[in-house]
Each structure stands twice: as structure tokens, then as C-alpha cells.
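A.B. asks: Quick one: structure below, then a few questions.
The values are calculated or read from the model by the stated rules, or taken from the named source; none is laboratory data. Quick caveat, the model's predicted, so the values are computed rather than measured. Counting neighbours? That spans all protein chains shown, and the Cβs are built from the backbone with ideal geometry, glycine included.
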Amino acid sequence: MENKQDNNSKDLAGAIEVMAYGYNVVVLINGIDIGIKGGKSESKRLFGTDHSMVSELPEDMKNLACLKMGANEIRVDYQEFQEVDSPPSPLTIELRSEQQFGTDEYLFHFREEPDENYESKSITKSFDT
């Protein structure tokens, strides 16, 4: 009999969307920097650590295989910077599992309005897959 958890972990996938106009941002999932830099809108497709597609990913994208079954941790380091040509925008981060695509459900959701104090900030949260 096949272990259902092992089968699910090979199919574990999701996506992160970051709206970070006016912010420098670094996102770590389970301690892995997934390559978000901020200053723009970015999205990344994420995979389980043993997803069937991991072997096909180019070396510079292997960091996207960062999700694990069960408990996960996301850390967001961010700093607002002053943009000359546009009004301040909120920082928004949404992480969804593949099953949550097209819904209003999230594994992780964060939104912060600009406060124009330009200090470095960090948040760490847990989420389950």
C-alpha cells in the first residue's frame, strides 16, 4: 500500500506573490532565500523539497524547492525606501498552495501600509501545508 503522505509530498506545490513597490524585501521559507528582492511586483512558483519537478529545475532555481509537508516557516525582512516618482504603496505578500489557486484562501497573507519611517523590519510566521 502506498503511503499517502509520501505521495502528497512529491506533489506539494504553491506560489508566492509579492507587491513590493517602494520596499526592499527578502523572503525565506524554511531558511531558504527564494530570490524575492522587492521594488516591484514578483511571483514565484514553489515546490516541495522532493517534488517530481525538482530534478528538472535549473540550478539557479533549486531554491524554489523549499516547502515541506506539515509545519513550515516564512520570514520576511523588509525596509521601505523613498520612491521619488510614485506615491507610497502597501507591501503585500500572499502564499497559496496549489489547491488554493483561484480562491481567497492563503497559507500566509501579509499586508502593511507604508509608514515612511524607513526602518528595517522583520516578521516570522508558521504555516502548515
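A.B. asks: If you scan the range 16-36, which residues turn out to be surrounded by fewer than 16 Cβ atoms within 10 Å (Cβ to Cβ) and either at pLDDT below 95 or touching an Asp or Glu at 6+ places or on another chain (Cβ under 9 Å) (or both)?
C.D. replies: Glu17, Asn24, Asn30, Gly31, Gly35
A.B. asks: If you take the residues of the range 87-129 that are β-branched (Val, Ile, Thr) and loosely packed, with under 14 Cβ neighbours inside 10 Å, which of them is farthest from Asp77 (Cα to Cα)? Break it down into steps so the answer makes sense when it comes.
C.D. replies: Of the range 87-129, the ones β-branched (Val, Ile, Thr) are 92-93, 103, 123-124, 129.
Next, from what is left, pick out any that are loosely packed, with under 14 Cβ neighbours inside 10 Å: 103, 123-124.
Working: Thr103: 26, Ile123: 7, Thr124: 9 Å.
Within the range 87-129, the match that is farthest from Asp77 (Cα to Cα) is Thr103.
A.B. asks: I need the strands (runs of 3 or more DSSP E) fully contained in the range 12-85, keeping only those with at least 1 residues that are over 25 Å from Thr103 (Cβ atoms) and not aromatic (Phe, Trp, Tyr).
C.D. replies: Working: elements: 13-19, 23-29, 41-48, 65-67, 71-80.
Fully inside the range 12-85 and qualifying: 23-29, 71-80.
A.B. asks: Would you call Gly48 modelled with pLDDT under 95 and touching a Lys or Arg at 6+ places or on another chain (Cβ under 7 Å)? Please lay out each step first, then the result.
C.D. replies: On the way: modelled with pLDDT under 95: yes; touching a Lys or Arg at 6+ places or on another chain (Cβ under 7 Å): yes.
Here the answer is yes, as Gly48 does meet what is asked.
A.B. asks: With Glu73, Glu2 as the choices, which residue is of a type in the set (D, E, K, R) and modelled with pLDDT under 90?
C.D. replies: The conditions single out Glu2.
A.B. asks: Same structure again: Just to verify a result, which residue in the range 49-86, among those that are without any contact (Cβ under 8 Å) to a residue 40 or more places away in the chain and surrounded by 17 or more Cβ atoms within 10 Å (Cβ to Cβ), is farthest from the chain's Cα centre (by Cα)?
C.D. replies: Ala65
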